[in-house]
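The next block holds one structure in the form of structure tokens; read it before the comments.
The values are calculated or read from the model by the stated rules, or taken from the named source; none is laboratory data. Treat the numbers as computed from the prediction; the structure is a model and nothing was measured. Positions of Cβ are generated from backbone atoms using ideal geometry, with glycine treated the same way; all protein chains shown enter the neighbour counts. The accessibility values were calculated without ligands, DNA or RNA, using every heavy atom of the protein model including side chains. Shrake-Rupley method; radii C 1.70, N 1.55, O 1.52, S 1.80 Å.
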Amino acid sequence: TKEYEYLIVSKPVKGVGLITLNRPKALNALSSPLFIELNQAAAELDADHDVGALVLTGGERAFAAGADIKEMKDKTFAEVYQTRFLENWGHLAKLRKPIIAAVSGYALGGGCELALMCDIILASPTAIFGQPEINLGVIPGGGGTQRLIRAIGKSRTMELVLTGRNFSAAEAETWGLVSCVVGEGEGEVVKEAVKMASRIASKGRLAVQAGKEAVNAAYELTLTEGLGFERQLFHGLFATKDQKEGMSAFAEKRKPTWTHS
Ligand code: CO8
């Protein structure tokens with residue numbers, strides 16, 4: 001795989017693409033050059049036929065401590081508005097394939113928002129989340145106000161965004177922001193995330209893509225529209241070989257062999 005300055009990209013097991021943010025001296029602060037690389041690596045894995053699911057992680061100390069404050073400090077309104085600063089940071093939420101965030105240490109500001117752009121979040125007990133932008137005289141700019149409220153409700157989101165306080169992995173789990181907190185130990189959260197991604201990658205790709213699309217549609221649609229959209233995708237899968245294979249395999253008491261077609 002390609003060499004990056006701020007990332008390490010690998011395929012730890014069959015079917016899984018792993019992106020590790022690698023700017024440890026700055027606690028993986030998210031700079032524009034880092035995001036250009038991240039978008040490129042994610043797009044390549046999304047298009048890679050050998051990959052069925054992605055994992056995004058950082059280091060033990062920090063998943064990412066936010067957008068690069070030193071890069072932003074002297075920017076003017078004209079500059080950020082005209083260049084649509086941060087617009088391309090949302091590309092990660094548009095991948096077709098599932099992406100799991102494996103969070104250890106700080107996931108603050110843009111780091112928390114980056115995790116929220118992923119489909120599933122797994123946390124190490126050391127994970128510390130937060131939207132501390134209020135302490136810098138700004139507000140979350142990468143979806144924090146919009147995605148957090150959908151995940152954990154208005155009162156908590158309002159509290160976190162307006163006080164800027166950090167919250168723990170245990171709180172995040174109780175609130176349903178993360179799907180689970182894994183056991184202690186270095187690298188444990190990445191191991192679990194890769195295992196989960198591998199499990200997802202072993203399914204039929206068309207059904208996985210449709211499942212992700214249907215769940216995400218719930219963010220945008222009314223219940224009636226969402227149910228209709230889900231049913232259309234469900235019906236559509238009857239046009240695939242994988243549906244015939246999956247249901248035949250069940251009836252014949254054997255394991256299915258997916259052809260992703
Ligand atoms: N930007 C730039 N550099 C950073 C950042 C950051 N966000 N976070 C840490 N660093 C750097 C430090 O400056 C320091 O560098 P140096 O050694 O050159 O002084 C190095 O990383 C290590 O950090 P500390 O010495 O501060 O380490 P501590 O263990 O003492 O503290 C903390 C760790 C608590 C995480 C602390 O570093 C901190 O508070 N960081 C800033 C957290 C923050 O405010 N984040 C929000 C940033 S604003 C934002 O994210 C806007 C979102 C925009 C949308 C993004 C869409 C994805």
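For THR224 and GLN82, compute 0.36 nm times the residue count separating them, minus their Cα-Cα distance, and round to one decimal in nm. If you can, show how the numbers build up before the last one.
Values: separation 142, 0.36 × 142 = 51.12 nm, distance 3.87 nm.
Between THR224 and GLN82, full extension yields 47.3 nm more.
I need to check one value: relative contact order of the stretch 117-261, counting alpha carbon pairs closer than 8 Å and at least 6 residues apart, in percent. Spell out each step's value before the answer.
Details: 137 pairs, mean separation 32.1, N = 145.
So the answer I get is 22 percent.
Sort 136-143, 150-157 by packing, meaning the average of other beta carbons within 10 Å per residue, with the highest value first. Walk me through the numbers on the way to the answer.
Working: 136-143: 16.4, 150-157: 14.5.
Packing order, densest peptide first, comes out as 136-143, 150-157.
Over the heavy atoms of TYR219, what accessible area does a 1.4 Å probe trace out, to the nearest 10 Å²?
Its heavy atoms expose roughly 110 Å² to the probe.
Roll a 1.4 Å probe over the protein chains and send me the accessible area per residue for the stretch 79-195 in Å². Let's see the in-between values first.
On the way: 5490 Å² over 117 residues.
Computed with neighbouring chains in place, this is 47 Å² per residue.
If a/c stays under 1.5 just call it rounded; otherwise compare a/b with b/c (prolate if a/b is bigger, oblate if not). Do that for the stretch 125-238, with a ≥ b ≥ c from the square roots of the Cα gyration tensor eigenvalues. The partial results should precede the final answer.
On the way: a/c = 2.85, a/b = 1.34, b/c = 2.12.
Oblate, because a/c is 1.5 or more while a/b does not exceed b/c.
ARG165: accessible area at probe 1.4 Å, nearest 10 Å²?
The value for ARG165 is about 80 Å².
From the square roots a ≥ b ≥ c of the eigenvalues of the alpha-carbon gyration tensor of the chain, which class results: rounded (a/c under 1.5), prolate (a/b over b/c), or oblate? Provide the component values of the computation, followed by the final result.
Values: a/c = 1.75, a/b = 1.56, b/c = 1.12.
Taking the square roots of the gyration eigenvalues as a ≥ b ≥ c, the chain is prolate.
If you add up the charges near ARG165, with Lys and Arg at +1 and Asp and Glu at -1, over every other residue whose beta carbon is less than 15 angstrom from its beta carbon, what do you get? Don't jump to the answer; show the numbers that get you there.
Values: positive: ARG156; negative: GLU133, GLU159, GLU171.
Residues close to ARG165 contribute a combined charge of -2.
Residues with beta-carbon under 12 Å from that of ILE8, excluding ILE8: net charge, scoring Lys, Arg +1 and Asp, Glu -1? Walk me through the numbers on the way to the answer.
On the way: positive: LYS2, LYS11, ARG23; negative: GLU3, GLU5, GLU37.
Around ILE8, the surrounding residues sum to 0.
Using only DSSP helix segments of four residues or longer, with each worth -39500 (n - 2.57), what per-residue ellipticity at 222 nm results for the chain after dividing by its residue count and rounding to 500? Intermediate values should be presented prior to the final figure.
Values: 11 runs with 111 residues, N = 261.
-12500 deg cm²/dmol, from helical runs alone.
What is the magnitude of the charge dipole of the chain about its Cα centre, with +1 placed on the Cβ of each Lys and Arg, -1 on the Cβ of each Asp and Glu, and no other charges, expressed in debye to the nearest 20?
Values: 30 positive and 30 negative charges, 136 e Å.
Its charge dipole is roughly 660 debye.
Tally Lys/Arg at +1 and Asp/Glu at -1 over every other residue whose Cβ is under 11 Å from the Cβ of GLN40; what's the total?
Details: positive: LYS2; negative: GLU37, GLU44, ASP46.
Computed value for this residue: -2.
Between GLU213 and ASP48, what FRET efficiency follows from the Cβ-Cβ distance if R0 is 22 Å, with the result rounded to 0.05?
Numbers: r = 19 Å, r/R0 = 0.87.
Efficiency, from the Cβ-Cβ distance: 0.70.
Give the residue from GLY187, ILE149, LEU223 lying farthest towards the positive end of the charge dipole for the stretch 120-234; charges sit on Cβ (+1 for Lys and Arg, -1 for Asp and Glu) and the dipole is referred to the Cα centre.
The Cα lying farthest towards the positive end belongs to LEU223.
Ignoring GluC sites (Glu not before Pro) that are buried or in helix or strand per DSSP, and keeping those with at most 13 other beta carbon atoms within 10 Å, what is the longest stretch of the chain between them?
Working: sites that count: GLU3, GLU5, GLU184, GLU186, GLU220, GLU252.
No qualifying site falls inside 6-183, the longest such stretch.
Would you mind classifying the stretch 119-182 by shape? Square roots of the alpha carbon gyration tensor eigenvalues, ordered a ≥ b ≥ c; an a/c under 1.5 is rounded, otherwise it is prolate if a/b is larger than b/c and oblate if not. Each step should come with its number before you reach the end.
Numbers: a/c = 1.95, a/b = 1.57, b/c = 1.24.
Since a/c reaches 1.5 and a/b is larger than b/c, the shape of the stretch 119-182 is classed as prolate.
Using a simple charge model, +1 on the beta-carbon of Lys and Arg, -1 on the beta-carbon of Asp and Glu, nothing else, what dipole does the stretch 2-104 show about its Cα centre, in debye to the nearest 20?
Working: 13 positive and 13 negative charges, 46 e Å.
Roughly 220 debye for the stretch 2-104.
Quick one: with all protein chains in place, what share of the accessible area of the stretch 39-184 is carbon or sulfur, to the nearest percent (1.4 Å probe)?
Details: 3740 of 6840 Å².
About 55 percent, which is the carbon plus sulfur part of the accessible surface.
With both bridge residues required to lie in the chain, what share of the DSSP beta bridges run antiparallel, to the nearest 5%?
25
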